Amino acid sequence: MTGKIESKLAELGVTLPDAPAPAANYVPFVVSGDLVFVSGQISMDAGTLITGKLGDNMDVESGQAAAKVCAINLLAQVKSACGGDLDRLVKVVKLGGFVNCTADFTEHPKVINGASDFMAKALGDIGTHARAAVGCVSLPLGVAVEIEGIFQIS
């Protein structure tokens, strides 16, 4: 049975993938009380890495699309943390976004808006959150964006 949140995602043309497995010595999420701390999700769509460097070979619009993919992967992890019931999600508390970019690139917030705008559109008020957007000289596997998150669940 599909819940309310997944029905809204379907209206937006989004089907959550299986939660990506960790790529190193860490767990994909930790549940502590009513909070879920989700490890950084890289820009990987259907097994294909979205690579690039903002300010060099990738524009802001493409970076926003990569950030949206990270947000979808974050929700997949939250669903896993909730035993498959994404309707247990109460609030997106905070996102931390990392942008693979050149030293002179300054539009990190615009890139991470790809994730923030998606969360707000898909989840309404529960999708609004605190946030950081940081530029990095490189990210794992050359991906364009990585985003971590803190979520409140019931």
With within 22 Å of Pro28 (Cα to Cα), small (Gly, Ala, Ser) and in contact with a His (Cβ under 9 Å, 6 or more places away or on another chain) as the only criterion, which of Gly97, Gly114, Gly83 stands out?
Gly97
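Can Ala122 be described as touching a Cys at 6+ places or on another chain (Cβ under 6 Å) and in a helix (DSSP H, G or I)? Break it down stepwise before answering.
On the way: touching a Cys at 6+ places or on another chain (Cβ under 6 Å): no; in a helix (DSSP H, G or I): yes.
Spelling it out, it is not the case that Ala122 is touching a Cys at 6+ places or on another chain (Cβ under 6 Å) and in a helix (DSSP H, G or I).
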The residue that is nearest to Val69 (Cα to Cα), considering only those in the stretch 18-34 that are surrounded by fewer than 16 Cβ atoms within 10 Å (Cβ to Cβ) and touching a residue at least 12 places away in the same chain (Cβ under 8 Å), is Asp18
Among the residues of the stretch 1-15 satisfying the criterion of being under 20 Å from Ile153 (Cα atoms) and not in a helix (DSSP H, G or I), which is modelled with the lowest pLDDT?
Met1
Test Ala133 against the stated conditions and say whether it is in contact with a helix residue (DSSP H, G or I) (Cβ under 7 Å, 6 or more places away or on another chain), more than 17 Å from Ser39 (Cβ to Cβ) and in contact (Cβ under 8 Å) with a residue 24 or more places away in the chain.
yes
Considering only residues that are modelled with pLDDT of 95 or more and on the phi > 0 side of the Ramachandran plot, which ones fall in the stretch 16-55?
Gly33, Gly52, Gly55
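Please go through the stretch 35-53 and pick out each residue that is of a type in the set (S, T, N, Q) and touching a residue at least 40 places away in the same chain (Cβ under 8 Å).
Within the stretch 35-53, the subset of a type in the set (S, T, N, Q) is 39, 41, 43, 48, 51.
Scanning the stretch 35-53 gives Ser39, Gln41, Ser43, Thr51.
Scan the stretch 16-35 residue by residue and report those that are in contact with a helix residue (DSSP H, G or I) (Cβ under 9 Å, 6 or more places away or on another chain) and in a strand (DSSP E or B). I'd like the intermediate steps shown before the answer.
Initial filter on the stretch 16-35 (in contact with a helix residue (DSSP H, G or I) (Cβ under 9 Å, 6 or more places away or on another chain)): 16-20, 23-24, 28-31.
Result: Phe29, Val30, Val31.
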Residue pairs qualifying under the 8 Å Cβ cut-off, at least six apart or on distinct chains, with the first in the stretch 138-154 being at positive phi and part of a strand (DSSP E or B) and the second being surrounded by fewer than 17 Cβ atoms within 10 Å (Cβ to Cβ) and among the acidic types (Asp, Glu), are none
Expected single match for surrounded by fewer than 17 Cβ atoms within 10 Å (Cβ to Cβ), under 24 Å from Ala21 (Cα atoms) and either in contact with a Leu (Cβ under 9 Å, 6 or more places away or on another chain) or modelled with pLDDT of 95 or more (or both) among Leu95, Leu141, Leu74 is Leu141
Lone qualifier among Ala103, Ala115 - being of a type in the set (Gly, Ala, Ser) and not in a helix (DSSP H, G or I)
Ala103
Please specify each residue of the stretch 18-52 satisfying the condition of being of a type outside the set (Gly, Ala, Ser), in contact with a strand residue (DSSP E or B) (Cβ under 9 Å, 6 or more places away or on another chain) and more than 17 Å from Leu89 (Cβ to Cβ).
Pro20, Pro22, Tyr26, Val27, Ile42, Met44, Leu49, Ile50, Thr51
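The values are calculated or read from the model by the stated rules, or taken from the named source; none is laboratory data. What you see is a predicted model, and the numbers here were worked out from it, not measured in a lab. Please note: Cβ atoms are built from the backbone with ideal geometry, for glycine as well, and neighbour counts cover all protein chains shown.
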